[in-house]
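FYI, it's all coordinate maths here, none of it is from the lab. The structure presented is a predicted model; accordingly, all values stated were derived computationally and were not measured. Because the Cβ atoms are built from the backbone with ideal geometry, glycine has one as well, and the counts that use them run over all protein chains shown.
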Amino acid sequence: MNISFLKEKGSKYIVFILVGLLILVMCIPIGTQNAQLVSDSGDAGSSEETLEAQLERVLSAMEGVGEVEVMITTENEEESVFGTQNKGTKVCGVVVVAQGAGNASVNARISEAVKALFSIDVHKISIVKMRSQEEQR
């Protein structure tokens, strides 16, 4: 039996497998846009309100943040992945009003949390200190 023939035949299969894996990896969509899409269940307003409520719950649970109010701006977006259309809502900006926002380390943690959740740039996140109860009167 000719062993060199088997080695050549085996290396051809390895090359075909590697080329196939390369093509597969190239077809997988990458980028931050996929992370920014939120499934759209009809009304964009209710989607924003749901996101705002969830973000308020998460941020208020963080140490030092205190009471929180959030506003999220979005835009509707369509994305085509592998020939299928995905409709969703893209988060464009976030404003966070928090009691603990006067502290620089709290601001940094809020900013990092929002950035991680919505995959948006830091310059699209605004964090401001909430007015105290005495100031509101």
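The gain in end-to-end length when the Ser126 to Phe82 segment is fully stretched comes to 12.3 nm, 0.36 nm per residue minus the alpha carbon separation.
Among the GluC sites (Glu not before Pro) within the stretch 66-137, those in coil by DSSP and having at most 15 neighbouring Cβ atoms inside 10 Å are Glu67. Using R0 = 41 Å, the C-beta based FRET efficiency linking Leu21 and Glu112 works out to 0.75. For Glu67 and Asn103, the difference between the fully extended length at 0.36 nm per residue and the C-alpha to C-alpha distance is 11.6 nm.
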